[in-house]
Structure formats: C-alpha cells, structure tokens
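Read the figures in this text as sums done on the coordinates, not as results from a lab. Since the structure is predicted, the reported quantities are computational estimates derived from the model, not experimental observations. A quick note on method: Cβ atoms are made from the backbone with ideal geometry, for glycine too, and the neighbour counts reach across all protein chains shown.
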Amino acid sequence: MPLLLTSCSPLRRSLLCPVSLFFIHKTANLSLIMSSNNMADPRRQNKILRYKAPSTETNVTLEDPTPDYMNLLGMIFSMCGLMLKLKWCAWIAVYCSFISFANSRSSEDTKQMMSSFMLSISAVVMSYLQNPQPMSPPW
Amino acid sequence: FIVLFKFCAFPRVMETQLVMGRYNDDFDDGEDLADFDDNDFAEFEDMNDDLASEAETTPPPPRASPSSQPEEEEDEDEATVELEGDQDGFEDSDTQDMYSKYDQEEFEGIRDIEKTGHSMKDPLIIHTVPAHLQNSWESYYMEILMVTGLLAYIMNYIIGKNKNGRLAQAWFNSHRELLESNFALVGDDGTSKEAVSTGKLNQENEHIYNLWCSGRVCCEGMLIQLKFLKRQDLLNVLARMMRPAGDQVQIKVTLNEEDMDTFVFAVGTKKAMARLQKEMQDLSEFCGDKPKSGSKYGLPDSLAILSEMGEVTDGVMDNKMVHYITNHADKIESIHFSDQFSGPKIMQEEGQPLKLPETKKTLLFTFNVPGMGNTSTKDMDALLPLMNMVIYSIDKVKKLRLNREGKQKADRNRARVEENFLKQTHAQRQEAAQTRREEKKRAEKERIMNEEDPERQRRLEEAAQRREQKKIEKKQMKMKQIKVKAM
C-alpha cells in the first residue's frame, strides 16, 4: 500500500488517500489478526507436550535421602528402646519419625510413615509401663 | 487389804482419767464402756501383749479394775501383783515407762529429755522416697522437656508448611498472567487424560513446588521448580541459623531440535560457575577454560562467563540481555544455555558408561529469591522481570545462529568430544562384545545338548563346526590382507 501511494502523483495521492487509508485500515486489521496468531501471541495449542515426572537419575533434587535415613534410624532406635528398655532411645525414635514425616515427599506411602510412627510411640509407652521411674539425665 | 486396794484405786482412777484424757479429752462417766475399753486395750497392747490378752479375757469391769492391773505402784501393789504371777518383772519396767509417759501431761519438758535419750540410743535413718512414688510432676521434668520439644516441632511444622504454601501461591499469582499469555498449557501433573491447564502448582514436598508450561513457539516446554527452604523441619531451621541460605527458583526450558543452534554457554556468580564447570557434563567438556569475568561484557564483576567460543558470548550478550542481567545481578545464580545438556556428570563405579549420555537442547535458569530466607510474599513480585528475561531468551536463542566459522568450530568440538569418549570406552566395549559372543556360543551349545533327537544333534553340531571353520578362515584371510598391505 505505501508503495502505491508514493508512485502516484500528489494529486492522485490526495484523492486516493481516503481510499488507501481505508485499504490500509483493512490490511492493517488483517495483519493485526495475523500477527495476533503469529507474533503477538506465541501460544500454540498444537505444540502442547504433557508433563512427565523427571526420573530420579536426572533429577538429583528428588533424591534427598533424609526421610529414608530418618525412617531407618527411627526403627533402630525404637527396637533398641524396646529390647534394652532404654527410655531415651524410645524418645529419640519418636523424634526421628517426626523428622522423617516432615521431610517426606508427597508421593511416599503414608502407611510406611504411620507404621514407624506407631512403632516409636509403642516403644515409649512400653518403656514406661515396665519402669515408671522418670528418665534420669545423663549428667 | 481392801483399804489398800481402795487407796491404790484412787490414783489409778486418776491415772486412767489421765489416760482417757490422753486419748479422749471429753471423757464422760456415762460414756459407753466400749470406747474406753478399746483405749484400755490399746494401752495394754502398747506395753505388753500378754497383759492385753488377759485384759480381754476379763469382762470389762468398772474402770478401776482393768487399769489396776498394769498400773501398780511398786510399793503398794505387791498383793495384786502376786495374783498375776509371772509378769512381775515386765510389769515393773513397763509401769516405769508408762509413768514416764503419763508424766508428760503433768510435767513439761520430760518429752524432750526422753526424745534426746531415744535419739542417742537409736539413730533414725530417713530414706528418700523413690522418685516415682513421689506424687509430684517435678520429678518427670525430662519427660516434660521431651514433650515440649515435640510440641515445638509440630508447631514449627505447621507454621513452616503454611509459609511455604503462601510463598508459592504469591509467586504463582504474580506470574500467572505472564505465563498464561505465553503458554497454552499452564500447570499439568501428567495424570489427567486431556491436556487441560490445571492452573495450579504441583506440590512435591512441603518445600518443593513444580509448574509445567507448554504450548509455545520456539520451545517444547518449561518446567519451573520453586525450591524453598525446609521451613517445616525444625532441625533445618536451626541449621540455617548457622549457615544462612535462600529460596531458589529453577527454570528449565527444553527446546526442539530446530529451535537452537549448537553452542554451550553459561553465566552466573563466580562460585556457581566454578561449581557448574566441575559438575556439569557439557560445561566440563566444551568450556574448558576458566570462567571469564563478566566485566568485559558490561556485566558486574561478581558474575563470570563460561563459553564455548567468543562468538557465542557476543551473540548471547546483546544489549537487552546485559541490561536484564545487570539490573538483577543479585538475584541471578546461574544461566546455562546448552545444546548438549545431559545433566551432571554421572559417577559410575566401573568407570565410564558405555554409551554417550543422551543430550537435550536446554536453557537452565537458577534465580535466588531476595530476602535470604526471610522472604515475604511481596518479594515474589521482584522475580517477575526475571521471567520476562526467560521469555526473551527463548525467543532470542531461536534467532541466534552461528556464522560459518563458528559452526565449523562447534562441529569440530563435538566430534572431538565423541572421539575421546569412544577411545576411553574402547577397551570396555571390546570386553562387552567379547562377553556377548561367548554368551551366544554357550547358548548354542546348550541348545545342541538339549536336543533329544540324536540325528538332529549330530546335524546341529556339524553346522556349528562348519561355522567355526568359516570364522577361522576369515580371520586368516584378514591377516593375510594386512600383511600384504604392510608390504
């Protein structure tokens, strides 16, 4: 459109102006519509890719070992507390199971958490049933 | 005799009254005999069990007579004492004691003398009551401490979880508009059948939130990870008091093959660059030189650049990029563009892996949330311009093309890396091939052995032998050819 205008003589240009403006407007509209699909709006419905959970090999962040270690530690301490009748072992086991729960991933099994939790609580209760004396500090 | 008895009876009556006084001040003549009977018996039991039994056998007569038995004055009661016979001696000593006891009512001060006398004879050892028999909570202070600690942990868990949740939501709210205008799919957890934007963050943990965006030109998709501090774990909170750390936002943009030319580039804090150069497979292979200071390209001095070649740096660091980075240098941890991205170096026990790791064209951004741990929801807005930079980078990388020289250099680099890799694994690959061949042979032999039909067995054996022969001949031919060529 601009090329046509410049090729015309000034008189014709003035006559053509409104017409050309009209055309320009139209094409501008069209180009706007086109650009809204191409340049202004980068979204592409056809290019959607579904989310795939990253595997643990590539994603080191998901490999945080804290909840697993704490779970294991909690079980060991609660076993010690039950077998050797040590109160402080049982209390540490309760703490470990709490820490494990706080750090756990949402994809982890709740049954595992609950079982370690129950084990540690039972260790504490059993230690006190067998020996109701209060815990003596180590100092 | 009777006169004597009466004479004795009077003081005894007095004394029984005194005794009564001791046990029961409001003694009445008309009171129930049973009352003072008990007291009488108690009195007897105190001193002498035999006397008590005797007192029981005689029915409670008027007061004078039961009391008359123990309380006989030595002088005057010999007659009555004789009646009783054996217990003279006991009675005498007992009466002495009784008298000394009763004297307390009339004489003050005797008790103290008596007591001191007693304490000198029998030292009393007062044992401490065991703690669990004491009815006080104070002895259980360790348990109370433990329970308080647990309660504190639970409180911290709830508070930390809520804070992280609020921070994540604030981030998403401030970035939602920008993301929705750029991506067709904002938020996906991969489980729903149709690709519909969930418009929500995926919660991995109490401190990690994910967001997957897809459906845009120039890229396959963008994974945003909000890695907050473990505010829900009290141990972590205490550890952070020693070593301050900040929340991070990690953005990983994966690109299609045609979206990016072949180059490897990284810019970030000096510490981060040093670490990435050691850890990342592609940076260590393609960007061998030490990180260059950013000041050469107009960046602040705190930032360093790792690049495959100078042309790449010039291409990436245009004015707008420099402007972005300079303005937000405090929030940028690292920016990593790579067409050979395969993650961190994998440490394998048996040496190098047998195959080259798979590579993907990726742009990685790691931003630090301002506040260094003490972030508030308002700080999330400060990250919005950085997201704009990410979008700008995606478009830019699509347009960035190396010139011919650069392309050749890049291709040579890649070929070199591959060759090195193959050389290193050559020995291992040979071993692997060898084992595979042996496996095949063994499998064949087993097959032959397992054949039940002897005919078929013989035939298979012959076929195997022929194959062996052919192989040997081939090898011999090869050797001959090499010899000829050498000559």
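Of A:CYS80, B:CYS219, A:CYS89, how do they rank once you tally other Cβ atoms within 10 Å and put the fewest first?
Fewest to most other Cβ atoms nearby, the residues stand as A:CYS80, A:CYS89, B:CYS219.
Name the lysines eligible as straight-distance cross-link partners of B:LYS193: C-alpha to C-alpha under 21 Å, and not fewer than 8 places from it in the same chain.
Cross-link targets: A:LYS47, A:LYS52.
Out of residues 5 or more away from B:ILE332 or on other chains, whose amide H comes under 5 Å of its own, with H placed 1.01 Å from N in the peptide plane?
Excluding prolines and chain starts, which carry no amide H, the hits are B:ASN368.
Using the number of other C-beta atoms within 10 angstrom as an exposure proxy, rank A:ILE48, B:ILE126, B:ILE158, B:ILE448 with the fewest first.
So the ranking, lowest neighbour count to highest, is B:ILE126, B:ILE158, B:ILE448, A:ILE48.
In whole Hz, what ³J(HN,Hα) sequence does region B:268-284 give by Karplus (6.51, -1.76, 1.60; θ = phi - 60°), x for Gly and Pro?
So the J values, rounded to whole Hz, are x, 5, 4, 4, 5, 5, 4, 5, 5, 5, 7, 8, 7, 4, 6, 5, 6.
Got a sec to turn the phi values of region B:170-179 into Karplus ³J(HN,Hα) couplings, 6.51 cos²θ - 1.76 cosθ + 1.60 with θ = phi - 60°, whole Hz, x for Gly and Pro?
Here the 3J(HN,Hα) series is 5, 4, 5, 4, 6, 9, 4, 4, 4, 5 Hz.
How do B:VAL147, B:VAL249 rank when sorted from fewest to most other Cβ atoms within 10 Å of their own Cβ?
B:VAL147, B:VAL249
For region A:91-106, just list the computed ³J(HN,Hα) in residue order, Karplus coefficients 6.51, -1.76 and 1.60, θ = phi - 60°, integers in Hz, with x standing in for Gly and Pro.
After applying 6.51 cos²θ - 1.76 cosθ + 1.60, I find 5, 5, 4, 4, 4, 4, 5, 5, 5, 4, 5, 5, 8, 6, 7, 6 Hz.
With a cut-off of at most 15 other beta carbons within 10 Å, and DSSP calling the residue loop, which GluC sites (Glu not before Pro) in region B:326-395 qualify? Please list them.
B:GLU349, B:GLU350, B:GLU358
Taking a label point 7 Å from the Cα of B:ALA464 along the Cα→Cβ vector, which residues of region B:430-445 have an amide N closer than 16 Å to it?
In region B:430-445, the label zone of B:ALA464 (backbone N under 16 Å from the point 7 Å along Cα→Cβ) covers B:437-445.
Of B:LYS292/B:LYS378; B:LYS292/B:LYS345; B:LYS296/B:LYS399; B:LYS278/B:LYS409, which pairs sit farther than 26 Å apart, going by alpha carbon to alpha carbon?
Cα-Cα > 26 Å for B:LYS292/B:LYS378; rest within.
How about region B:422-486: which GluC sites (Glu not before Pro) there are in a DSSP loop, with at most 11 other Cβ atoms within 10 Å of their Cβ?
Listed in order of number, the matching sites are B:GLU452.
Collect residues whose amide H, placed 1.01 Å from N in the peptide plane, falls under 5 Å from the amide H of A:TYR51; neighbours closer than 5 in sequence don't count.
The list, which skips near neighbours in sequence, is B:GLY190.
Within the set B:LYS252/B:LYS396; B:LYS270/B:LYS396; B:LYS360/B:LYS440; B:LYS331/B:LYS396, which residue pairs have Cα atoms separated by over 27 Å?
The pairs that break the limit, which is 27 Å between Cα atoms, are B:LYS360/B:LYS440.
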